[in-house]
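Structure record follows, encoded as structure tokens.
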Amino acid sequence: MNTKDQKVQISTFEKEVCEGLTTFPKYLSSKYFYDEIGDKLFQQIMALPEYYLTRAEYEIFETHRSEIVQSFDANQEGFDLIELGAGDGKKTKVLLKELSDKGFDFTYVPIDISQNAVEGLVNDLANEMPGIGVNGEIGEYFEVLDRLKQLSDRKKVIMVLGSNIGNLLHQRAIQFLKKLCNAMNPNDLVLMGFDQKKHPQKVLDAYNDKTGVTAAFNKNVLTRINKELNANFDLDKFMHWETYDPESGTAKSYLVSTEKQTVDIDDLSLQVHFEAWESIHTEISQKYDDDIVKWLAEESGLEISKSFADQNMDYKDYLLTK
Ligand code: AVJ
């Protein structure tokens, strides 16, 4: 047997890690944070006092649940409630319970890149709300969007919560929204969460908590490379760094190499050199205001029909139509 045949296939992960670490400036996609450990760390993040986003959206759903679910299915025709990036579904359960209590005819379709998260959520719901029809799917946003049209011929309400859209720079967000718009019929709806611009310190604190959970979450991408691609990143030689530009509204996460070093990634037959204080850009978490959301929607063929804010005005959920 020849060694070339043993290497069955190069995964997207391998390709993107190789690409991101052999270019300048170095970068890795934030979608790789989420394995079993990353999912747990993100759950810890959502419970942090500094991470206001989850609580704000939870408050919005608690306060406006009746109006929100009413607008989902004003004509009582029945619908599929599709959630992209469902995670643990904690906030969504508020809406699911309201829909179920009010006797709406719907099927919940949670979709997430993490198999773990989808399986956990489907099991959870089977126990907690056995009356609800649930159809879990595993997949990445962009890839799933292509299949969305075939998913069913019922009315679709598509949710993208948690300001997950904020991981995309505006141009990619528009690409995503355009695809979303294409997958929609005229009557379909989108409910999307957008974290709002606010005191820059509050944003920085949310992504740089005192207990270091966010730092561990950020470094988890290196742990994954160590485990899955046989690499030897020394996590103690990288530090988590957060920036926020109040002009663009972009928060950025980096891993900064604290010394000159070389890392081996055996499965890629790659040596990665770091200068002292060289960075790997790992995530963006975009912040918005009404004008930016309106612009993104218009660029994509969508329209804002309603929005719901928390008391603090830290966060908003927008209902978008075609
Ligand atoms: C899940 C993408 C919305 O950007 O706020 C939390 C991920 N990263 N802390 C965010 C995250 C660091 C989160 N999103």
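The numbers here are math on the coordinates, done by the rules we state, and not lab data. Here the structure is a predicted model, which is why all the values come from computation and not from measurement. As a convention, Cβ positions derive from the backbone with ideal geometry for all residues, glycine included, and neighbour counts pool all protein chains shown.
Looking at this model, which pairs from LYS90/LYS179; LYS31/LYS252; LYS91/LYS210; LYS198/LYS316; LYS26/LYS252 are more than 19 angstrom apart at the alpha-carbon?
LYS90/LYS179; LYS91/LYS210
In deg cm²/dmol and to the nearest 500, what is the mean residue ellipticity at 222 nm of the chain if only DSSP H runs of at least 4 residues count, each as -39500 (n - 2.57), divided by the residue total?
-12000 deg cm²/dmol
If I take every Cα pair under 8 Å that is 6 or more residues apart in region 181-322, average their sequence separation and divide by the length, what percent do I get for the relative contact order?
Relative contact order comes out at 31 percent.
For LEU270, which sequence-distant residues (separation of 5 or more, or a different chain) have an amide H within less than 5 Å of its own amide H, given hydrogens modelled in the peptide plane?
ILE265
Specify the residue with the greatest mean-square fluctuation among GLY20, GLY193, GLY87, computed from a Gaussian network of the chain linking alpha-carbon atoms under 10 Å apart.
GLY20
Per Stokes-Einstein, at 4 °C and 1.567 mPa s, what whole-number D in µm² s⁻¹ belongs to the chain, with the Kirkwood radius over Cα pairs as the hydrodynamic radius?
So the translational diffusion coefficient is about 62 µm²/s.
Please state, as a whole number in µm²/s, the translational diffusion coefficient that the Stokes-Einstein equation yields for region 31-139 at 4 °C and 1.567 mPa s, with Rh defined as the Kirkwood radius across alpha carbon pairs.
The Stokes-Einstein estimate is 88 µm²/s.
Can you give the % of DSSP beta bridges in the chain that are antiparallel, to the nearest 5?
Among the beta bridges of the chain, antiparallel pairing accounts for roughly 60 percent.
Mind sorting ASP101, ASP317 by how few other Cβ atoms lie within 10 Å of their own Cβ, fewest first?
By the 10 Å Cβ count, ascending: ASP101, ASP317.
Using alpha carbon centroids, what distance separates region 218-238 and region 26-100, in Å?
29 Å
Show the residues, 5+ positions off or on another chain, whose built amide H is closer than 5 Å to the amide H of LYS287.
Under 5 Å from the amide H of LYS287: THR250, ALA251.
What FRET efficiency, computed as 1/(1 + (r/R0)^6) with R0 = 51 Å and r the Cβ-Cβ distance, is obtained for ASN230 and SER66, rounded to the nearest 0.05?
0.45
Provide MET129, MET159, MET313 in ascending order of the number of other Cβ atoms located within 10 Å of each residue's Cβ, fewest first.
MET313, MET129, MET159
Could you work out the relative contact order of the chain, using alpha carbon pairs under 8 angstrom and six or more residues apart, expressed as a whole percent?
It rounds to 21 percent for the chain.
Name all residues of region 177-192 having a backbone nitrogen under 19 Å from the label point set 7 Å from the Cα of GLN150 along its Cα→Cβ direction, giving them as ranges.
What the label zone holds, given the 19 Å backbone N cut-off, is 179-185.
Between GLN43 and LYS90, what is the label-to-label distance in nm when each label sits 7 Å out along the Cα-to-Cβ direction?
Those two pseudo-labels are separated by 0.9 nm.
Hey, fewest Cβ within 10 Å first, where do ASP291, ASP195 land in order?
Ranked by crowding around the Cβ, least crowded first: ASP291, ASP195.
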